[in-house]
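Okay, so here's the structure we're looking at.
The values are calculated or read from the model by the stated rules, or taken from the named source; none is laboratory data. Predicted model only: the values in this text are computed from it and were never measured. All Cβ positions, even for glycine, are placed from backbone atoms using ideal geometry, and neighbour counts span all protein chains on display. In case anyone asks, the SASA skips ligands and DNA or RNA and just uses the protein heavy atoms, side chains included. Shrake-Rupley method; radii C 1.70, N 1.55, O 1.52, S 1.80 Å.
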Amino acid sequence: GRGTAHCASVGKGLLAHAPADVLERYLSRPLRAVTRKTITDRDEFLDHLKGVRAQGYATTIEESLVGIYGLAAPIRDRRNEVVAAVCIAGRNGSLLKRRSDVIEAANAIGRDISANAFPARSLLPLS
């Protein structure tokens with residue numbers, strides 16, 4: 001739902017790499033608890049995002065749905081900017097052991113996006 005990016009692995013992954021103004025706008029509202037494991041403290045959430053950036057992927061452990069685990073890895077463009085994320089989710093915490101597969105899938109998608117993206121100059125108005 002709207003305003004629950006803080007308790008979804010994709011949302012955490014995107015927020016961890018978002019421009020400061022986007023993150024600040026998101027954090028201007030209280031972090032709503034969806035389950036008892038949802039991070040609702042702003043400072044704790046910011047520390048969590050530092051960890052996401054450091055490890056290269058985001059996880060959720062029953063933060064949006066009881067019994068559901070998630071893992072997301074960023075997809076980067078040719079400028080190394082995060083433009084999307086790939087995620088797996090399931091009922092079994094063992095999926096977190098597959099994080100290298102998810103990260104590799106995200107990297108492969110990012111390479112494909114970079115290889116097939118229009119060069120930045122082609123987006124400029126034609127004169």
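How many residues does region 6-20 hold that are open to solvent by 30 Å² or more (accessible area, probe 1.4 Å) and either in contact (Cβ under 8 Å) with a residue 24 or more places away in the chain or part of a helix (DSSP H, G or I) (or both)? Steps first, answer last, please.
Restricting attention to region 6-20, the residues satisfying the condition of being open to solvent by 30 Å² or more (accessible area, probe 1.4 Å) are 8, 10, 14, 17, 19-20.
Retained after the next criterion (residues that are either in contact (Cβ under 8 Å) with a residue 24 or more places away in the chain or part of a helix (DSSP H, G or I) (or both)): 8, 10, 14, 17, 20.
Selection size over region 6-20: 5.
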Problem - Cβ pairs under 7 Å, 6+ apart, first in region 74-94 and in a strand (DSSP E or B) and surrounded by 13 or more Cβ atoms within 10 Å (Cβ to Cβ), second at pLDDT below 80 and among the acidic types (D, E) - result: V83/D77
Fill in the blank from the handout: By residue number, the members of region 95-112 that are hydrophobic (A, V, I, L, M, F, W, C), open to solvent by 40 Å² or more (accessible area, probe 1.4 Å) and touching a residue at least 40 places away in the same chain (Cβ under 8 Å) are I103
Exercise for the section: Return the pairs, sorted by first residue and then second, in which the second residue is among the acidic types (D, E), the first residue lies in region 54-69 and is within 20 Å of R36 (Cβ to Cβ), the beta carbons are less than 7 Å apart, and the residues are 6+ apart or on different chains. Expected result: I68/E62
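Table: residues versus (1) of a type outside the set (D, E, K, R); (2) exposed (fewer than 12 other Cβ atoms within 10 Å of the Cβ); (3) outside any loop (DSSP other than H, G, I, E, B).
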| site | (1), (2), (3) |
| --- | --- |
| G3 | yes, no, no |
| V22 | yes, no, yes |
| A33 | yes, no, no |
| K37 | no, no, no |
| T40 | yes, no, no |
| D43 | no, yes, yes |
| G51 | yes, no, yes |
| A54 | yes, yes, yes |
| T60 | yes, no, yes |
